[in-house]
Amino acid sequence: MTSKEIRQQFLDFFKSKGHRIVPSSPVVPFDDPTLLFTNAGMNQFKDVFLGTGKRDYKRAVNTQKCIRVSGKHNDLEEVGHDTYHHTFFEMLGNWSFGDYYKPEVIEWAWELLTEVWKLPKERLWVTVFRTDDEAFEFWKTKTDINPKHILRFDEKDNFWEMGETGPCGPCSEIHINLGNDFENPKYVNAGLPECIEIWNLVFIQYNRDENGILTELPAKHVDTGMGFERVCAILQKKNSNYDTDIFTPLIDEISKLSNIKYDKDLSRQGREEDKIPMRVIADHARALTFAIADGAVPGNEGRGYVLRRILRRAARYGRKLNLHKPFIYKLVDILVKTMGDVFPEIKDKQEFVEKVIKAEEENFNATLDRGIELFGEVVSLKIRQLLEDKYKPHFNVGWAKIFLESVPDYLISIKKNPSHKTIQLTVPIDKFKLSQWSKELRDKLLGHEPKISGKDIFKLYDTYGFPIDLINIMAREMWFIIDEEGFDKLMEEQKQRGREARKEITMTSTILSSVSLEIVPKINTEFTGYDELKSEAKIIWHEKENGNELIVLDKTPFYVEAGGQIDDLGYIILETIPLNVIDVTKIDNKTVHIIENTKKKSVSTGKKVLAQVDERRRWDIMRNHTATHFFHSALRKILGTHVHQAGSYVGPDRLRFDFTHFSKVEESELKEIETLVNEELRQNYELQHHRNIPFDEAKKMGALMFFGDKYGDKVNVVQFGEFTKEFCGGTHIYNSSQIGLFKIISESSISSGVRRIEAVTGSGVERFIQSQFEQMKSSEEKIAELLEDKKKLEKELSELKFEEKKGQISSVLNNPSEINGIKIYKAQVTAENNDELKSLGDELRSKTKSSVGVLFSVIDGKVGIVCVVTDDLIKEKNLSAGKIVGELAKLVGGGGGGRPHLATAGGKEITKIQFALNKTEEIIKSFLNH
Ligand code: SER
């Protein structure tokens, strides 16, 4: 039976019992802050159990995607080391919401297992909560289970709770014993692979609150959960979940990628070391794929950090299989092919999931090998140290050196020498070989579990990004333990340093507000700056501080820094005299204007003034702020909705936007984003400013919130067409085309998973273009200069090279031959081209008297020849270089000629050069005889 059929049979069975088949909820429960990941099928029905929610059905059945890696239900440590725990698994479940109860569910569970699936009754065991006589009775009367197979257990095993709080109740579990001793009760709940729990029937009747108090729920419910992968292994008669058709395609692919065979689990114990990495990787790839498809992303905190830890564990297990390049992302495709029709979300998000995993793998790969290396160093150093400490007292000085370096292989023998009362220790080590370190050696040599120091762990964590649980696994593999306390202390110290840095900032602002709060009157400043940049106002309070004047008005258009938009600057005009506002701050809903060092005496409460912000500056700020919203929306459209704002700066000069994203934003993506923003800005959208609307209404509109921000009951929403809608208290332009242009100027990383983009708008773009243009102009000039220099240098270089080549001529001059008193200089030389060859000929001619010179060279794969004849021989012997060269050329398959004193020729057959050289004298002689 395939896993697909098994899943379907479960659903169909309960459908026939009046259950509605419902979809799995996402594995990332964005709506439940008490949960990092969905850990049971009942999570999505929590509200129904608590009586706060309703469904239009009373019975439901489904397969639920679950992840159990944190909190109350955490199986991470077991994963891969055994054959039946997983980080991600499917839970088959059926539910009754205040409808049927214990008798029905017990009867049906038995029917499905023993009649539909025909599991051997004699191997099945059930447990009930120690006081649950009811359930005990129903097992006896509603099924034909052997009554000896009904056992009672206490809270630890038979009282199910979702988490620290939430719905809970006594439960009844069904176990199967697949071993030989299956009639023996001692295996049940013993944590052994031959006897495992397959199905849990929970009778939900309580809620546990924050104080740990249980209260009865308004109605009683049934919540069951069956381990799908386990049931498949049992029905497919496999010893391990990893041998079922759920996992084999993944394991096969890992085998293929690593070129290492996976031997099937031969027994349910199957704990063989070499299989663990493959199982862990297959398991973790599933958790990562489903969690990311459902919207989680690896990061530094909470859910994100859990995913990061899972991924890093898998990556590091990959190293054990010699997988050094990103590989986990390649398994996504296998999952899509095998599970994509049951869970279409992984198919829809495939590309995104692969991208996220790959980027995260690349990120960790940068430090993984170095971290592993460091870990090896730490471990070997520690072992050496311990050996030294333990054995050194028995040896001479300098022992350690011999002990550790002198001997070739890793073997140890300890000899006692009774007559000398000493121990002779021979440790043949040339280099410490960690791969040969074993538990036996550890016990023999050290006799205890060595510890890795908190400092070393902290370094691996902080510098190399190794999660603590991964370090723990690595330590265990070396039969080490870790000093977690020491690590925690260092972590705490680091956090403390961070807190102290932050403390200073909050301190200053509390002092200021506590001083001023008492004196400022109870009237709030009305903010007029959404609609005007100049407001007539009245001074309601003022005071001198450090020579500056602090002024509070009843109304002001001055915006005080919030949500990234910086303070307004400008003037307060008092009796036609402008007072320079150099800063503004908000204290208890009042805007305090800080006036530069004014000698003006006439500031007094009650006086009328004109408050006027620096208009040009404010317009630049508004352009950047509105553009930030457009940009945010474009980011989410092009990179994906995992993008969330993580911080921003909106000033007159530029805008800066920090956001969550797992990798560098590619050039092509930046271009796409920029184009989209500009296209939308040109749409001429009018600002729709929804002010002071109820929070819920804003949420209903689908307005984007800044995660982690606290909002009051009334909020402002800033909207431009349907392109962007955001919660925002800032100030904005009135029409999108007032922004002009938007231009991204930089992209960078500010921390893992958070990117920063800076951009400019309007006059900022103008300035940007101007400065780029100037840079370009000065670059052009520089390039022209460089090209000129290059030409000069090339010329010098070729002259130098030629000087070197002229050196060849001196050796040609060394051994001339002679006919009738005429000297003949001949040789094969190196020349780049014909000009050079000619120049070499000239050089030769100028250095000799009464002579003929012949030089051959290979130029571009062909033969080049130059012949020179001195003037006396032209006159007296009627010799001609042109004629000689003509004859020589014939010998190398070519032709040529020229003037009597210097002539060149070419030929094709370079292999004939030597032959032609040998014939030179003969040819010259033939011309002399004329
Ligand atoms: N909620 C129970 C469990 O997780 C049964 O579904 O075991």
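What does the extension gain come out to for Leu787 and Gln772, with contour length at 0.36 nm per residue minus their alpha carbon separation?
Using 0.36 nm per residue and subtracting the Cα-Cα distance, I get 3.2 nm.
If the viscosity is 1.306 mPa s and the temperature 10 °C, what Stokes-Einstein diffusion coefficient in µm²/s follows for segment 293-363 when Rh is the Kirkwood radius over Cα pairs?
The diffusion coefficient I find is 126 µm²/s.
Filter the chymotrypsin sites (Phe, Trp or Tyr not before Pro) in segment 604-707 to those in DSSP coil with at most 16 other Cβ atoms within 10 Å of their Cβ, and list the result.
Phe707
Can you tell me the FRET efficiency between Lys439 and Gln496 if r is taken as the Cβ-Cβ distance and R0 is 45 Å, rounded to the nearest 0.05? Intermediate results must be reported in sequence, preceding the final value.
Numbers: r = 38 Å, r/R0 = 0.86.
For R0 = 45 Å, the calculated efficiency reads 0.70.
Full extension from Asp348 to Glu377: what is 0.36 nm times the residue separation minus their Cα-Cα distance, to one decimal in nm? Can you show the working numbers first?
Numbers: separation 29, 0.36 × 29 = 10.44 nm, distance 4.46 nm.
Taking 0.36 nm per residue and subtracting the Cα distance, the gain is 6.0 nm.
Note the full-extension length gain between Lys671 and Lys455 as 0.36 nm times their separation in residues minus their Cα-Cα distance, in nm to one decimal.
73.3 nm
Over the chain, what is the relative contact order in percent, taking alpha-carbon pairs closer than 8 angstrom and at least six residues apart? It would help to have the intermediate numbers written out before the result.
Working: 1626 pairs, mean separation 49.7, N = 930.
Relative CO of the chain lands at 5 percent.
So what is the relative contact order for segment 815-920, in percent, with contacts set as C-alpha pairs under 8 Å and at least six apart?
About 22 percent, as a whole number.
Say R0 is 41 Å: what FRET efficiency, to the nearest 0.05, do Lys261 and Met701 get from their beta-carbon distance? Don't jump to the answer; show the numbers that get you there.
Details: r = 58 Å, r/R0 = 1.41.
Result of the calculation: an efficiency of 0.10.
Three principal axis extents, largest first, for the C-alpha atoms of segment 213-267, in Å?
The principal-axis extents, from largest down, are 58, 23, 17 Å.
Can you give the angle from 0 to 90° between the axis of helix 834-846 and the longest principal axis of the chain, with both taken from C-alpha atoms, to the nearest 10?
It works out to around 40 degrees.
So which of Lys838/Lys875; Lys330/Lys671; Lys826/Lys877; Lys256/Lys382 end up more than 31 Å apart, counting from Cα to Cα?
Lys256/Lys382
Modelling each spin label as a point 7 Å along the Cα-to-Cβ direction, I'd like the Ser846/Thr2 distance in nm, to one decimal.
Computed distance between label sites Ser846 and Thr2 equals 8.9 nm.
When N counts the residues of segment 802-887, how does its alpha-carbon radius of gyration compare numerically with 2.2 N^0.38 Å, as a ratio?
Working: Rg = 12.4 Å, N = 86, 2.2 N^0.38 = 12.0 Å.
Expressed relative to 2.2 N^0.38 Å, the Cα Rg reads 1.04.
Give the average over all directions of the projected area of the C-alpha convex hull of the chain, one decimal, in nm².
Mean orientational projected area (the chain, Cα hull): 68.4 nm².
Given bins 5 angstrom wide, list per bin the percent of all Cα-Cα distances in segment 710-835, short to long.
Histogram of Cα-Cα distances, whole percents per bin: 2, 7, 7, 8, 9, 8, 7, 5, 5, 5, 5, 5, 4, 4, 4, 4, 3, 3, 2, 1, 1, 1, 0, 0.
In Å and on Cα atoms, what radius of gyration and Dmax does segment 529-629 show?
Every Cα atom of segment 529-629 included, Rg and Dmax give 13.3, 44 Å.
Can you tell me the orientation of helix 913-928 relative to the chain, as the angle in degrees between its alpha-carbon axis and the longest Cα principal axis, to the nearest 10?
20 degrees
Relative to the longest principal axis of the C-alpha atoms of the chain, give the angle of the C-alpha long axis of helix 350-391, reported between 0 and 90° and rounded to the nearest 10°.
Helix 350-391 and the main axis of the chain meet at about 90 degrees.
Using alpha carbons only, what's the Rg to Rh ratio of segment 580-641 with Rh from Kirkwood? Intermediate values should be presented prior to the final figure.
Details: Rg = 18.6 Å, Rh = 15.3 Å.
Ratio value, two decimals: 1.21.
Please sort 251-262, 483-494 by packing, taking for each peptide the average over its residues of neighbouring beta carbons within 10 angstrom, highest first.
The packing order, highest mean first, is 251-262, 483-494.
First measure r as the distance between the Cβ atoms of Lys714 and Lys237, then evaluate 1/(1 + (r/R0)^6) with R0 = 56 Å and state the FRET efficiency to the nearest 0.05.
Result of the calculation: an efficiency of 0.30.
Hey, can you rank 207-216, 231-240 by average C-beta count inside 10 Å, highest first?
Order by mean packing, descending: 231-240, 207-216.
Which whole-number percent is the relative contact order of segment 681-782 (Cα, under 8 Å, 6+ apart)?
24 percent
Once you place label points 7 Å from the Cα toward the Cβ at Thr165 and Lys919, how far apart are they in nm?
Result for the modelled spin labels: 10.7 nm.
The numbers here are math on the coordinates, done by the rules we state, and not lab data. All of these numbers come straight from a predicted model, not from anything done at the bench. Methodologically, a virtual Cβ is constructed for each residue, glycine included, from the backbone with ideal geometry; neighbour enumeration extends over all protein chains shown.
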